[in-house]
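The values are calculated or read from the model by the stated rules, or taken from the named source; none is laboratory data. Treat the numbers as computed from the prediction; the structure is a model and nothing was measured. Heads up, the Cβs are rebuilt from the backbone with ideal geometry, glycines too, and the neighbour counts pull from every protein chain shown. These accessible areas exclude ligands, DNA and RNA; they are computed on the full protein's heavy atoms, side chains included. Shrake-Rupley method; radii C 1.70, N 1.55, O 1.52, S 1.80 Å.
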Amino acid sequence: MRTAVILGATGLVGKALMKQLLEDSDFSQVKVLVRRSTGIIHAKLKEIVINFDEPEEWAHEVIGDVLFAAFGTTLKKAGGKEAQYKVDYSYQFLVARLAAINSVPDCILVSSAGASIDSKFFYSRMKAELDRDVAKLDFDRLVIMKPSMLIGEREDSRMGETVGSIIMKALFWIPGIRKYRPIPGTIVAQAMIHAYKNPGVHPITQYSLDTLFDMN
C-alpha cells in the first residue's frame with residue numbers, strides 16, 4: 001500500500017489525479033498540499049493547507065512513495081511574470097527538493113510540450129528550467145510528462161484556451177502540429193499513474209503527447 005503526495009490538487013490535472021488515486025486500491029493514503037481546501041472528504045485523503053512561504057511549518061509532510069507535481073497558474077491569474085514564476089517554478093521546485101531530501105523515491109512532474117531553455121516564450125523557458133533543475137535532485141526515478149494544451153472543466157474559465165483548443169483540434173492533422181493537439185487533463189492524470197506503476201520506465205523520461213494518448 002502506497003502513499004502519494006500531490007502538488008496542485010485543485011488544478012485541472014491535479015484534481016483528476018486526486019480522484020483517480022483515491023479510487024486506486026494500490027494507494028492507502030493520498031496527501032495533497034494545497035493553499036485552499038479541495039472540498040473533498042475521503043477516508044484516504046489527507047489534506048494539508050499550507051503557506052508555501054513558510055516551509056518550516058509543513059516540510060515534514062512531504063513524505064511518501066511518490067510525488068506527483070502538477071502545480072501551475074496562468075500569467076493573467078498570477079498578475080505578472082514574476083508572480084507566475086514563483087508559483088510554477090519556485091514553489092514547485094521547493095516541494096520537489098523537500099521530497100528528495102525526505103527520501104521520496106519517485107517524482108512524476110507535469111511539464112509542457114514546448115518546454116525549451118532556448119524558447120522565445122517565457123512560459124516554455126520557465127518549464128524547461130524546472131525540468132532541468134528537478135532532474136538534478138536525488139530521486140531514484142523522475143518522469144517528466146510533456147502534454148500540450150490541457151482541456152477539461154476548470155473552476156476558472158479560460159477563453160483563450162477554449163478558442164485555442166478548437167483551432168488546434170481542427171489543425172492537428174497538419175505535419176508538425178499533431179503533438180500540440182489538446183489533451184484532457186484526465187488522460188494526463190491516467191498517464192502519470194501509469195508511469196509511476198511501470199518499473200520499466202527509464203530514470204528520466206519525457207512523455208510526448210502521442211504517448212499520453214496511447215496510454216488512454
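For the range 1-144, averaging the sequence separation of C-alpha pairs within contact (under 8 Å, six or more residues apart) and dividing by the residue count gives a relative contact order of 21 percent. For the residue pairs Lys31/Lys136; Lys31/Lys81; Lys77/Lys146, the C-alpha atoms sit more than 26 angstrom apart in Lys31/Lys81.
A simple spin-label model places pseudo-atoms 7 Å from Cα toward Cβ; at Glu129 and Arg35 they are separated by 1.8 nm. Per-residue extension of 0.36 nm, minus the Cα-Cα distance of Phe122 and Glu54, leaves a gain of 21.8 nm for this segment. The mean sequence separation of alpha-carbon pairs under 8 Å and at least six residues apart, normalised by the residue count of the range 33-104, gives a relative contact order of 30 percent.
What does the net charge come to around Glu61 if you take all other residues with beta carbon closer than 15 Å to its beta carbon, with K and R at +1 and D and E at -1? Neighbour charge sum, excluding Glu61 itself: -1.
Residues Arg125, Arg97, Arg141, ordered by accessible area of protein heavy atoms at a 1.4 angstrom probe radius and largest first, appear as Arg97, Arg125, Arg141. Placing +1 on the Cβ of every Lys and Arg and -1 on the Cβ of every Asp and Glu, with no other charges, gives the range 8-67 a dipole of roughly 320 debye about its Cα centre.
Its Cα centre serving as origin, the range 30-103 has a Cβ charge dipole (Lys and Arg +1, Asp and Glu -1) of approximately 360 debye.
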